[in-house]
Protein chains: 2
Amino acid sequence: MRKILLIGAGKSSSSLIKYLMDNAEQENWSTTVADIFIEHLNEHIKDNSSIKAIKFDVFNQKQRESEIINSDIVISLLPARFHIIVAKDCLKLKKNLVTASYVSPELKAMEQEVKNAGLIFLNEIGLDPGLDHLSAMKVIDQIKETGSEMIGFESFCGGLVAPEYEKDNPWKYKFTWNPRNVVIAAQGSAAKFIQAGKYKYIPYHKIFRRTEVIEIEGYGKFQGYANRDSLTYCDVYGLKDVKTFFRGTLRRLGFCRAWDMFVQLGMTDDSYILDNSENMTYRDFINLFLAYDIIDSVELKVQHYLNIDQDSDLMEKLEWLDLFKNIKIGLKNATPAQILQHILEKKWTLEPEDKDMVIMWHKFDYMELGQHKQIQSSMVVIGDNQTYTAMAKTVGLPVAIATKHILNGIINKTGIIIPLTKDIYAPILDELANYGINFNEKKIEFQKI
Amino acid sequence: MRKILLIGAGKSSSSLIKYLMDNAEQENWSTTVADIFIEHLNEHIKDNSSIKAIKFDVFNQKQRESEIINSDIVISLLPARFHIIVAKDCLKLKKNLVTASYVSPELKAMEQEVKNAGLIFLNEIGLDPGLDHLSAMKVIDQIKETGSEMIGFESFCGGLVAPEYEKDNPWKYKFTWNPRNVVIAAQGSAAKFIQAGKYKYIPYHKIFRRTEVIEIEGYGKFQGYANRDSLTYCDVYGLKDVKTFFRGTLRRLGFCRAWDMFVQLGMTDDSYILDNSENMTYRDFINLFLAYDIIDSVELKVQHYLNIDQDSDLMEKLEWLDLFKNIKIGLKNATPAQILQHILEKKWTLEPEDKDMVIMWHKFDYMELGQHKQIQSSMVVIGDNQTYTAMAKTVGLPVAIATKHILNGIINKTGIIIPLTKDIYAPILDELANYGINFNEKKIEFQKI
């Protein structure tokens, strides 16, 4: 009997836990789910003898060590900054580790010790990072295996609302992931990428105006804005010499132009506290960013300042959020970004019957016998319900399957690993197809632009 | 014989040094000018027995203490961050201190000790901060003395090129002060001010589009953009209850719209290093911020991206800076802001025959017997030449005169002081008039806007 320790059981753990329960008998494993809050799990895991939930404090060293020593493998779904605590114990107690998070510099620094101990710490095996690596490397390897040369790579991912649930929402968007990260997305240094062999930079206040439109058959049009960190994977994907390398985030077409209004007004700024935020109304909040005018209404000032039409869909989007209403905010010492998040959460929170959707889309340009060719690869996953969301499935199932393959010796690398090689991606992608997580790859007639 | 120690003798010290020499006999004082570079002073101070220059290292404690102990008063024109070193010695050795810089939190923390020692550390007595305090407080006190109530205050200052020297320069601007501070001006948190009784915030990428146009008789139109720190002086000016409080920086009309092109492109960003900046040309640099296009030139892409006309003055301004030329930059590991500064310095450096100009302008709104009234106060100073610039005069002469008044007991406050009270501003403003530094105050017919 193998023992799995899952530390951290937030919203995205549901599909992972289900997989661990469903496969317990066949794989001869049992699972301990450890979290500071476990009440929400009771319904979920009851009547299953292969799994138990324990109240767990990651800062309690004694508990941490005693749980880890009793396991054969550890999965950490904790907030990313806490992985390092678990990783140090795993090294000391000689246990393998799986996470869905980016490799932090501190973790990277443990590489040699982890290797020497014969362990694998597999990271970036969720959705993004995770499925993006698996699905991109599969096609990149295929192209290279035939002797063709990669010349361009673009990759987009987005968490959205499933089409039938977005109809009454002019933004066609709700939060399906950390709302704060959505509000402050793309802030900081300029977004950097490579286009036609040259570095390109987009400052924050232009990011939502320099987007790319893509269409996915059966799902319509989407719009991708640049991630800040596009180039991180250029080297590790073996694409150092490509002419174009771009990574972005997907929204429905029209979202970015509308979101840009918040950026232009200054409402996404998280760097300073507003005076008297507690007693402000939504209308006061938007008016903070508009010049005083003795005659013009807040609505007119917005139209004038942002140069948008009174009857445009943009005004409709703002109105739908109740932004012009005198609703009290009630947040003390809040930044503009915190207030905007608060207002958006009133409208952008999934209703009990809503289903979410995860979209991933890659474009591979390559030269085959002197001809420019292109492959597009797309994945659409719809959530089953509010427990088994598309987000939970696409984050949790790759983690679950990878954990199984490590336990079974199918993945047998050592060190701090991210899933870039065929021995890892091939069996995981194969099995994910059984769960409706499919990449539709098509070679398309290349259109010279 | 009184002894003055002037530490720091950069560009802005010329008029101060001249004043100290010219008044040496009458005031019975002598001056030691202490700087790490003194060669440039030789020409300047030779044949004057009241003054000597010494090579001085502010980090040499022994030298510092021996010079300070030998003086009756110390003036520090060092870069602002070094004042605290001098201030600590002055406290220990019981000497008064004068600076033209903002009061730092560390300096502020010495308040009680300085007071207890019966010393005055007078700060913010240059141009801005300095002349702004003197000239504003004079009018504010006048208004209050008549029983009227201040309801609004706006204040602008700018260092520019004198009108007859700006003619061939479409920007009508050259650097007359620290170029780096000009390039990164207004970055950071949103600019904050009070307008019609409400806080208002302008994010960085909108600051140069929300400006105020002012006209100064005989000098034409200027344009002011918001300072980030407008409200710092609202309380200390005794204007806590005014409906409008705004401070800004002056440029010639049209400058801000043009500068905004750099902001929109992302060329003023100082937060990240560009790859291969050394081998880039000006044209490569601007192209970094524009999307790839197989057909369009860099010029066309700029016009399209920024939505400006081919034949607009904006294109002329960019072309005049040679921005579209393939001139090599040659700066290693530079940020966008550093490269922009480098390019601008080629064209925005004063020629030997150029004269600079300093403009200050205040607007005071108040209620007098139930009537809304307004006073405008303006100052224009033109440099004599490249030594006695308007900047050197307006920074150095208030420092010089204040130093004299402290030595003579006319200013006899103690503590960490900024010049807000009549005992300080009145005699200084009176004497400045002899040097052509005049404020033209006029009560204007109030125009309801």
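The values are calculated or read from the model by the stated rules, or taken from the named source; none is laboratory data. Just so it is clear, the structure is predicted and the values come from calculations on it, not from any experiment. Positions of Cβ are backbone-derived with ideal geometry, glycine not excepted, and every protein chain shown enters the neighbour counts. These area figures cover heavy atoms from the full protein model, side chains too; ligands, DNA and RNA do not enter into them. Shrake-Rupley method; radii C 1.70, N 1.55, O 1.52, S 1.80 Å.
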Here the relative contact order (percent) of segment B:264-371, from C-alpha pairs under 8 Å and at least 6 apart, is 39
Checked against the positive end of the charge dipole of the protein assembly as shown (+1 on Cβ of Lys and Arg, -1 on Cβ of Asp and Glu, about the Cα centre), the farthest of B:390, A:103, A:376 is A:103
Any lysines whose Cα falls less than 25 Å from that of residue A:172, other than same-chain ones fewer than 8 residues away, would be A:11, A:206, A:221, A:317, A:325, A:346, A:347, A:355, A:363, A:393
Check: C-alpha center segment B:352-371 vs C-alpha center segment A:32-63, spacing in Å is 69
Rounded to a whole number, the mean other protein chain Cβ count within 10 angstrom for residues of B:196-202 is 6
For the pair A and B, the solvent-accessible area buried on both sides (1.4 Å probe; DNA, RNA and ligands excluded), in Å² to the nearest hundred, is 2900
Partner shielding of A:204-212, taken as the mean number of other chain Cβ atoms within 10 Å, equals 3
If every Lys and Arg gets +1 and every Asp and Glu gets -1 at its Cβ, then about the Cα centre the protein assembly as shown yields a dipole, in debye to the nearest 20, of 1420
Semi-axes in Å, largest first, for chain A (Cα gyration tensor, √(5λ)) are 38, 29, 20
Once both label points are put 7 Å beyond Cα along the C-beta direction, the residue A:92-residue A:345 separation in nm becomes 3.6
Expected max-MSF residue from A:410, A:68, A:125 in the GNM of chain A (alpha carbon, under 10 Å) is A:410
Given Cβ charges of +1 for Lys and Arg and -1 for Asp and Glu, the option among B:331, B:343, B:321 whose Cα lies farthest towards the positive end of the dipole of segment B:315-355 is B:331
Here the relative contact order (percent) of chain A, from C-alpha pairs under 8 Å and at least 6 apart, is 20
Distance in Å, no decimals, from the C-alpha centre of segment B:378-423 to the one of segment B:239-299 is 35
With a Förster distance of 60 angstrom and the Cβ-Cβ distance between residue A:300 and residue A:142, calculated FRET efficiency to the nearest 0.05 equals 0.60
Rounded to the nearest Å, the spacing of the alpha-carbon centers of segment B:94-127 and segment A:83-130 is 54
Quick shape check on segment A:368-449: root eigenvalues a ≥ b ≥ c of the Cα gyration tensor, a/c under 1.5 is rounded, otherwise prolate if a/b tops b/c, else oblate, and it reads oblate
Restricting to lysines and to Cα separations under 16 Å from residue A:200, and discarding same-chain partners fewer than 8 apart, the set is A:192, A:240, A:243, B:301
In whole Hz, the Karplus estimates of ³J(HN,Hα) for segment B:238-248 (6.51, -1.76, 1.60; θ = phi - 60°; x where Gly or Pro) are x, 10, 4, 9, 6, 8, 9, 9, 8, 10, x
Given a 1.4 Å probe, the accessible area of chain A per residue, as a whole number of Å², is 43
Here the relative contact order (percent) of segment A:17-61, from C-alpha pairs under 8 Å and at least 6 apart, is 40
GNM on chain A, Cα springs under 10 Å; top mean-square fluctuation among A:414, A:146, A:31 goes to A:146
Inter-chain shielding metric for B:290-298, i.e. average beta-carbon neighbours from other chains within 10 angstrom, reads 3
When every protein chain stays in place and a 1.4 Å probe is rolled, A:1, A:367, B:110 sorted by accessible area with the largest first are A:1, A:367, B:110
Taking protein heavy atoms only, a 1.4 Å probe, and rounding to whole percent, the accessible area of segment A:297-425 owed to carbon and sulfur comes out at 47
On the accessible surface of segment B:86-202, probed at 1.4 Å with all protein chains in place, carbon and sulfur together account for a percent value of 50
Shortest first and in nm, the label-point separations between residue A:253 and its counterparts in the other identical copies (7 Å out along Cα→Cβ) come to 4.4
Result: in segment B:20-169 the number of Lys pairs with C-alpha under 13 Å apart, spaced 8 or more or on different chains, is 4
To the nearest 20 debye, segment A:285-391 has a Cα-centred charge dipole, built from +1 on Lys and Arg Cβ and -1 on Asp and Glu Cβ, of 420
Taking the label point 7 Å from Cα along the Cα-Cβ vector, the copy-to-copy distances for residue A:408, listed from shortest in nm with one decimal, are 9.5
If labels are modelled 7 Å from Cα along the Cβ direction, residue A:102 lies from its partners in the other copies at nm distances, smallest first, of 3.1
For chain B, the charge dipole (Cβ of Lys, Arg +1; Cβ of Asp, Glu -1; about the Cα centre) points to a positive end, and the Cα of B:268, B:133, B:117 closest to that extreme belongs to B:117
Within segment A:268-297, the residues whose backbone N lies under 14 Å from a label point placed 7 Å from the Cα of residue B:372 along the Cα-to-Cβ direction are A:292-296
Taking the protein assembly as shown, the whole-percent share of alpha-carbon pairs separated by over 48 angstrom is 38
Answer in debye to the nearest 20: the dipole magnitude of chain B about its Cα centre, from +1 Lys/Arg and -1 Asp/Glu charges placed on Cβ, is 1040
Ranked by GNM mean-square fluctuation in chain B (Cα springs under 10 Å), the top entry among B:319, B:166, B:217 is B:217
Ordered by number, the residues of segment B:176-193 that have at least 40 Å² less accessible area in the complete protein assembly than on their own chain alone (1.4 Å probe) are B:189
Honestly segment B:291-449 on the Cα gyration tensor test (a ≥ b ≥ c root eigenvalues; a/c under 1.5 rounded, otherwise a/b vs b/c for prolate or oblate) is just prolate
Taking the axis of the rotation relating chain B to chain A, the B residue whose Cβ comes closest, together with that distance in whole Å, is B:205, 2
